[in-house]
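All remarks here apply to the structure that follows.
The values are calculated or read from the model by the stated rules, or taken from the named source; none is laboratory data. Note that the structure is a prediction, hence the values are computed from the model and not measured. Cβ sites come from the backbone with ideal geometry, for glycine too, and all protein chains shown count toward neighbours.
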Amino acid sequence: FRQLLARRELGRCRQEHEEYLEEIERLQREAFLALVHRERESARRRREQEAEAEQRRREEQQRRARLLDAAFDGNLGEIAAVLREVDELLTREGVGHDEVGAARRRQQRVALLECADPRGNTPLSEAAAGGQPRAIQLLAEQGASPNCKGAFGRTPLYRAAFGGHLEAVEVLLKLGADPRLYADDGSTPAQVASLDAVASVLQSWDLCLTEAMLQNMEAERQRRAQEAERSKEAEAKRMNLKVQQLAKEQRQCHKELQQAYCELNRRVAEHDKCERRRTGKAELTLQAIQDAEAQVDRLRQEAEKAEETLAMARLELREQTAEGEEEAPGMKCQVTELHDVLMKDVGDRIRADGRWPVIIDPSGQAATFLRYQDTNYLDTVNPDHMRPERIRLALLGALRYGKPLVFDLQEVDLFPAVQQQLEAVQPGLAQELLSRRLLEQDRYLSLLRPSDGPEYSPTQFQEARLGQFRLFFVTRVRWPTAEQVQVLLPVLVQQPSGGL
């Protein structure tokens, strides 16, 4: 009878095991499909953004070509239409009509008016070459410079004189065109004038008027430069506030994700306990695990979206402040170089810096590498791994055997939580460990407890092994907080150029 019951129990266990494996396979398949879907969606958004950027570039080129042709032909309606399109485009982008918005609109308008063809000729220069005084007047009123130099160093006045356009020459002189400017060959507009009337006007022109107008134009240029600087500062301030708000939202997303991970681990522990005790509530606990996993997946996607939005805002802020693509602080390495950089510290760069590394790798390959090395690995989203006693023993073991202690922060900002748990082990431990003072003058012996076994006696800690101790933090967050960058050495793991 006992054998019969044992066979039945064995059959039930095998059936449950098969169902468990099927469930795991289903969940893995769903997770893989979700990952593929996210990657495809990300690639689709990236293609759409590239297509939109290319479309904007083509439209900008078309507007410039239309403006140049309209200026040469004297088509005032087309010139006004092109300028109106630029104004409407800025309106669609959300640029207002306040002081900052008006300054940005003027900057965009002047930038368009100062565009040049492949030979370097601007729309005003084209209007001068075509003998279009009304187009010259309109373009100059909108902010175009009458003294710009194009192909062969020829000014609009030079080209108008060369073409024999008397009325265009007179308008340019009244607008401040300087008849003394030389072309690359050393000739002046008066010397190349094709009509005597044009040469006479240029030679008899009162240069005092030109000097006065040049001073006015210089004053206007300085005023615009100051206006642009004020607009730039205001925009940078606005972007700073936006970045701060997005960073706050990102931290909130990571906090919620951390709580969801803790809840998932609690549900898994409850399920394991039910399986061991056979209380018959395994289905309920399994459903709770699935709900917790769904919550983690949803919050992870929200955190990734918040991080991407924050990264784009930071990029826009760098462009607004004219810093360009600044180099990320710290070190960079490939995945294949992790052993040399982290474990061997080739070149003693980590030791010379004095800070422990935080390995930034959104792909997660660095975490996998460190997990399967000879390290004491702690998963910070697992509450069991973050117990003070476990952290203390993991730290003592790493010091005793001279191997790395790894805190895997996952894609959650858990660095403050790690510091808090280190303080729970021993007050002041976080600062002593981060500053390496714990390794000096046998300070680490303060971590020993009377209940520790003989393997943790002071004689078991050797100086040579203590010198090989490492502390690593690894994160999937692309932009660590300023606190982490300040106290830790960023090591950015770059992906191979060919991708995966």
Considering residues of the stretch 270-321 that are among the polar types (S, T, N, Q) and more than 27 Å from Glu249 (Cα to Cα) only, the residue modelled with the highest pLDDT: Gln287
State all residues of the stretch 377-415 that are in a helix (DSSP H, G or I) and free of Cβ contacts under 8 Å to residues at least 60 places away in the same chain; if no residue qualifies, say none. Pro388, Glu389, Arg390, Ile391, Arg392, Leu393, Ala394, Leu395, Gly397
Residue match in the stretch 142-154 (condition: farther than 29 Å from Arg223 by Cα, aromatic (Phe, Trp, Tyr) and in contact (Cβ under 8 Å) with a residue 60 or more places away in the chain): no
Report yes if some residue within the stretch 112-126 is surrounded by fewer than 20 Cβ atoms within 10 Å (Cβ to Cβ), among the basic types (Lys, Arg), closer than 20 Å to Ala80 by Cβ and touching a residue at least 24 places away in the same chain (Cβ under 8 Å); otherwise report no. no
Flag for Val201 being in contact with an Asp or Glu (Cβ under 8 Å, 6 or more places away or on another chain), surrounded by 15 or more Cβ atoms within 10 Å (Cβ to Cβ) and part of a helix (DSSP H, G or I): yes
Tally, over the stretch 444-500, of residues that are exposed (fewer than 10 other Cβ atoms within 10 Å of the Cβ) and assigned to a strand (DSSP E or B): 0
Here are Leu264, Leu241: which of them is at pLDDT 80 or above, in a helix (DSSP H, G or I), surrounded by fewer than 18 Cβ atoms within 10 Å (Cβ to Cβ) and among the aliphatic types (A, V, I, L, M)? Leu241
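Yes/no matrix, rows are residues, columns are (1) of a type outside the set (Ser, Thr, Tyr); (2) exposed (fewer than 11 other Cβ atoms within 10 Å of the Cβ); (3) at pLDDT 90 or above:
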{"site": "Ala43", "(1), (2), (3)": "yes, yes, no"}
{"site": "Arg46", "(1), (2), (3)": "yes, yes, no"}
{"site": "Glu54", "(1), (2), (3)": "yes, yes, yes"}
{"site": "Arg58", "(1), (2), (3)": "yes, yes, yes"}
{"site": "Ala81", "(1), (2), (3)": "yes, no, yes"}
{"site": "Leu89", "(1), (2), (3)": "yes, no, no"}
{"site": "Glu93", "(1), (2), (3)": "yes, yes, no"}
Among the residues of the stretch 174-189, which ones are part of a loop (DSSP other than H, G, I, E, B), among the charged types (D, E, K, R) and within 22 Å of Glu141 (Cβ to Cβ)? Asp178
Under 6 Å by Cβ, and 6 or more places apart or on different chains, what pairs join a residue from the stretch 423-439 that is in the same structural domain as Gln468 (by TED's automatic domain parsing) with one that is buried (at least 17 other Cβ atoms within 10 Å of the Cβ) and charged (D, E, K, R)? Val425/Arg392; Leu438/Glu432
The correct count of residues that are within 51 Å of the chain's Cα centre (by Cα) and surrounded by 15 or more Cβ atoms within 10 Å (Cβ to Cβ) in the stretch 204-223 is 4
If you take the residues of the stretch 322-338 that are out of contact with any strand residue (DSSP E or B) (no Cβ under 9 Å at 6 or more places or on another chain) and modelled with pLDDT under 80, which of them is nearest to Leu489 (Cα to Cα)? Glu327
When Val95 is evaluated against the numbered criteria (1) part of a helix (DSSP H, G or I); (2) within 29 Å of Glu233 (Cβ to Cβ); (3) among the aliphatic types (A, V, I, L, M), which criterion, by number, is the only one it fails? (1)
I need a count of the residues in the stretch 370-387 that are surrounded by fewer than 17 Cβ atoms within 10 Å (Cβ to Cβ) and in contact with an Asp or Glu (Cβ under 9 Å, 6 or more places away or on another chain). 1
